[in-house]
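Here the structure is laid out as structure tokens; the discussion comes afterwards.
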Amino acid sequence: MLIDSHCHLNYKGLVEDQVGVLARARAAGIGGFLNISTRQREWAEIVATAEREADVWASIGVHPHEADGHADLGEAALLEAAEHPRVIAIGETGLDYYYDRSDRATQQALFRTHIRVARSTGLPLIVHTRDAEADTLAILADEMEQGAYPALIHCFTASADFAHAVLDLGLTISLSGIVTFKNAKDLQDIATKVPEDRLLVETDAPFLAPVPHRGQVCEPAFTADTARFVAGLRGVTAEALAASTTANFFRLFSKAVRP
């Protein structure tokens, strides 16, 4: 069994045929899905999907692109939403300086709000970072000094130095279909060096379809393609990688109950 540790089942491209999307994924051996929110108005729908599907769990959070529209979001709203039994994670949150769709100071403040909630609840923090390695690492490290919290870097595309630094902080790294791209040689090298117990796989569906599905709408079923590729890089069987990443998922997201 594999787990898609990061997908957007309620996004255009998947939500129109969510039943079929899930059926195709299950047929491909995907036994669990973490359905990610990126703005507060999505939370109810994301949670409702998790209530309806026994193998789907929910995250609650605000993506850095949406930070300006949530500048006044306090810890209380996140804490209340996190009480739901199907909510197992906080995020995605973090910093994105590539598009700069929200003010950087606002992104940073909201990132810290999410970290405090992760620390308070014990739910893992799901971190998005793009072109913001230095500030992301500085905030993660500063907050870790104030009290430990579980966290992962989703859709990892950063440098080897950043990978070493976040692993030293105790974080987990999740690989998406990007690792299968021909121009992702540096990322492929990193993928061989992440400790076995700190590795997850994901799709970020409906985005970033892996080889051999490039150009298509990405579906959670494609987790299997990414996992096979990563297994090949690491010199292990697909079954072994599935077993280890699934165990890692349930250890990190300890609120999740196996369906």
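The values are calculated or read from the model by the stated rules, or taken from the named source; none is laboratory data. What you are looking at is a predicted structure, and each value in this text was computed from that prediction instead of being measured. Glycine also receives a Cβ, built like all others from the backbone with ideal geometry; neighbour counts cover every protein chain displayed.
The number of residues in region 86-108 being touching a residue at least 40 places away in the same chain (Cβ under 8 Å) and either among the aliphatic types (A, V, I, L, M) or in a loop (DSSP other than H, G, I, E, B) (or both) comes to 4.
Just the residues that are among the β-branched types (V, I, T) and either without any contact (Cβ under 8 Å) to a residue 12 or more places away in the chain or not in a loop (DSSP other than H, G, I, E, B) (or both), please, taken from region 200-225.
Going through region 200-225, the residues among the β-branched types (V, I, T) turn out to be 201, 203, 211, 217, 223.
Those that are among the β-branched types (V, I, T) and either without any contact (Cβ under 8 Å) to a residue 12 or more places away in the chain or not in a loop (DSSP other than H, G, I, E, B) (or both): V201, T223.
Among all residue pairs at least 6 apart or on different chains, which show Cβ distances below 7 Å where the first residue, located in region 226-238, is in contact (Cβ under 8 Å) with a residue 60 or more places away in the chain and the second is surrounded by fewer than 17 Cβ atoms within 10 Å (Cβ to Cβ)? Short answer, once both residue conditions are applied: A227/A238. Inspect all residues belonging to region 133-149 and state whether any of them is under 22 Å from L9 (Cβ atoms), buried (at least 20 other Cβ atoms within 10 Å of the Cβ) and either of a type outside the set (D, E) or modelled with pLDDT of 95 or more (or both). Checked region 133-149: no residue is under 22 Å from L9 (Cβ atoms), buried (at least 20 other Cβ atoms within 10 Å of the Cβ) and either of a type outside the set (D, E) or modelled with pLDDT of 95 or more (or both).
The single condition among (1) touching a helix residue (DSSP H, G or I) at 6+ places or on another chain (Cβ under 9 Å); (2) surrounded by 17 or more Cβ atoms within 10 Å (Cβ to Cβ) that E83 does not meet is (2). For a quick check of your reading of the model, give me the residue pairs whose first member lies in region 68-82 and is in contact (Cβ under 8 Å) with a residue 40 or more places away in the chain, whose second is loosely packed, with under 15 Cβ neighbours inside 10 Å and assigned to a helix (DSSP H, G or I), with beta-carbon atoms closer than 6 Å and at least 6 apart or on different chains. Here the result reads none, with nothing in region 68-82 linked to a residue that is loosely packed, with under 15 Cβ neighbours inside 10 Å and assigned to a helix (DSSP H, G or I). Residues in region 93-108 that are loosely packed, with under 14 Cβ neighbours inside 10 Å and within 25 Å of E145 (Cα to Cα): A105 only.
Can you go through D197, D189 and tell me which one is assigned to a helix (DSSP H, G or I), in contact (Cβ under 8 Å) with a residue 24 or more places away in the chain and over 23 Å from M1 (Cβ atoms)?
Details: D197 fails: over 23 Å from M1 (Cβ atoms).
Going through D197, D189 in turn, just one is assigned to a helix (DSSP H, G or I), in contact (Cβ under 8 Å) with a residue 24 or more places away in the chain and over 23 Å from M1 (Cβ atoms): D189.
If you check L34, L95, L110, L123 for being over 17 Å from the mean Cα position of the chain (by Cα) and aliphatic (A, V, I, L, M), only one passes: L110. Residues of region 185-224 that are surrounded by 21 or more Cβ atoms within 10 Å (Cβ to Cβ) and more than 23 Å from G31 (Cα to Cα): L187, I190.
Does I90 satisfy being within 27 Å of G147 (Cβ to Cβ), among the aliphatic types (A, V, I, L, M), touching a Gly at 6+ places or on another chain (Cβ under 6 Å) and crowded, with 23+ Cβ neighbours inside 10 Å? The answer is yes for I90.
From the residues in region 168-184 that are farther than 26 Å from R119 by Cβ and among the β-branched types (V, I, T), which one is surrounded by the fewest Cβ atoms within 10 Å (Cβ to Cβ)? Checked region 168-184; the qualifying residue surrounded by the fewest Cβ atoms within 10 Å (Cβ to Cβ) is I178. Screening T129 on (1) more than 29 Å from E75 (Cα to Cα); (2) surrounded by 21 or more Cβ atoms within 10 Å (Cβ to Cβ); (3) hydroxyl-bearing (S, T, Y) shows it passes everything except condition (1). Of all residues in region 122-141, those that are of a type in the set (D, E) have Cβ atoms under 8 Å from Cβ atoms of residues that are not in a helix (DSSP H, G or I), 6 or more apart or on another chain, in D131/D96; D131/Y97; D131/Y98; E133/A158; E133/S159; D135/L95; D135/Y97. Counting residues in region 24-31 that are touching a helix residue (DSSP H, G or I) at 6+ places or on another chain (Cβ under 6 Å), in a helix (DSSP H, G or I), of a type outside the set (F, W, Y) and at pLDDT 95 or above gives one or more. The residues of region 5-20 that are assigned to a strand (DSSP E or B) and under 12 Å from P206 (Cα atoms), listed by number, are H6, C7.
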